[in-house]
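These notes are about the structure you will find just below.
The values are calculated or read from the model by the stated rules, or taken from the named source; none is laboratory data. Note that the coordinates shown come from a computational prediction; the quantities given were computed from them, not determined experimentally. Glycine also receives a Cβ, built like all others from the backbone with ideal geometry; neighbour counts cover every protein chain displayed. Side chains are part of the model used for accessible areas, which takes the heavy atoms of the whole protein and leaves out ligands, DNA and RNA. Shrake-Rupley method; radii C 1.70, N 1.55, O 1.52, S 1.80 Å.
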Amino acid sequence: MLPEKILQNFVTKCLVEANKYSVKSIVFPALGTGFLKFPPKTAASNVIKAIRDFQMNNVQSTVKTIKIVIFGGTNDWTSIEQAYVLELNSTGQGATACAAPPPQKIPGRGTRAYLAHKYQEDPRPPSYWTHFKSNQTIKDWNTSQKGNPCKVTSVDTKTYQSIAKAFTSTGGSTIVKIERVENILLYEKYIQECQRTFRKAFVTQLCTPLQNVKKSSGPALTLKYLDQEMTKNLHEEINEFYLFHGTKVNAVDVIIQQGLDSRLASSGLLGTGVYTAETASKSAGYTDQNKNGESKMFLMRVCLGDIFITTQMTTFRRPPCMKCYNETCIKHPELFDSVVAEFGSRREFVVYDRCKCYPEYIITYK
Ligand SMILES: [Zn+2]
């Protein structure tokens, strides 16, 4: 049998099978253009001929929509698309080519182009989320989503061990459970804030890494204990870290629904903000216990962006100006994104905008 005939028979068999199951639509790849190496025109004309013959011989078929998807990852995909369009037009059926753009090449980490890419991309949920999966964009999820956008899920063993190590190595006590908060609306706000920080870094200058900021005592301790599988999802370009946040047990529900709200927080050593720490022992100071003697702490993603380090108590309402260090400056456009307290026995990291942090994991402990 001629190779062209084999290709036609294959398409026909698929359509017969689809009809048998009352299928309404079917999608084919550009059959024959890969391994079989048919020239685009030959492949297109034989596939279309098989489809047309099927339609003529099966007028009552349930299959009403047939799509051909052309993979944009090859060098010759445009010639394949053209061949299909020509073939369909010549058979008088007209083609609606709605080509998806070819896959974008992601610029390398550490380049300025990467910063622009992160600002411009249509973000997806983290690949390890299990309810809101990364097969859809965040916008798609939030468009199709009805009702509660917040799911609390269990974590896999590796994630559990990674977080448990960071928690117990920094003064945390006995863990009861660790859960992940998948709140797609809240996560969107956080990611949009990260994107704004990427843009700022792109149009002005790169954020100085935490360990290189003047008076800094080094990188965040959590990076030392958390598994690389977890830390690889952080963006050092915008000083993004996992940090602990201690909270009252009965505040957990409102936080996972609405996020941390510095407007409801009482003023601390560095003013009214969301306080996070690199050690569980520091954050434990902000917790209480329920009647079972259990306490709750978050491991949060925090985007520190441009960091201002202070060595003394200052009651900020927002971070100071990046030029003159004045909190109420109106002369310069850029403020720092966060304030880090480098005094006392352990550092604290404060953001004054609740969108700069996301409460991703809940640690319940005794
Ligand atoms: Zn200023």
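General observations
- Number of residues in region 336-350 that are out of contact with any Phe, Trp or Tyr (no Cβ under 9 Å at 6 or more places or on another chain) and among the hydrophobic types (A, V, I, L, M, F, W, C) equals 1.
- Single residue of Glu229, Glu278 found to be among the acidic types (Asp, Glu), in the same structural domain as Tyr352 (by TED's automatic domain parsing) and under 14 Å from Ser338 (Cβ atoms): Glu278
- The condition (being open to solvent by 50 Å² or more (accessible area, probe 1.4 Å) and within 16 Å of the ligand (Cβ to nearest atom)) is satisfied by just one residue among Cys329, Cys324: Cys324.
- Residues that are in contact with a Gly (Cβ under 7 Å, 6 or more places away or on another chain) and assigned to a helix (DSSP H, G or I), drawn from region 4-45: Leu7, Ala43
- In region 339-359, the residue that is farthest from the ligand (Cβ to nearest atom) out of those that are aromatic (Phe, Trp, Tyr) and open to solvent by less than 20 Å² (accessible area, probe 1.4 Å) is Tyr358.
- Within the option set Phe316, Phe336, Phe308, Phe298, being open to solvent by less than 60 Å² (accessible area, probe 1.4 Å), away from the ligand (no atom under 16 Å from the Cβ) and either in contact (Cβ under 8 Å) with a residue 24 or more places away in the chain or under 29 Å from the mean Cα position of the chain (by Cα) (or both) holds for one residue only, Phe298.
- Residues located in region 194-221, provided they are among the hydroxyl-bearing types (Ser, Thr, Tyr) and open to solvent by 10 Å² or more (accessible area, probe 1.4 Å): Thr204, Thr208, Ser216, Ser217
- Cβ-Cβ distances below 6 Å connect the following pairs, each with a first residue in region 51-74 that is assigned by TED's automatic domain parsing to the domain that holds Lys24 and in contact (Cβ under 8 Å) with a residue 40 or more places away in the chain, a second residue that is open to solvent by 80 Å² or more (accessible area, probe 1.4 Å) and part of a strand (DSSP E or B), and a separation of six or more residues or different chains: Lys67/Val27; Val69/Val27.
- Condition broken by Lys24, with the remaining ones in (1) under 22 Å from Glu81 (Cβ atoms); (2) at pLDDT below 90 satisfied: (1)
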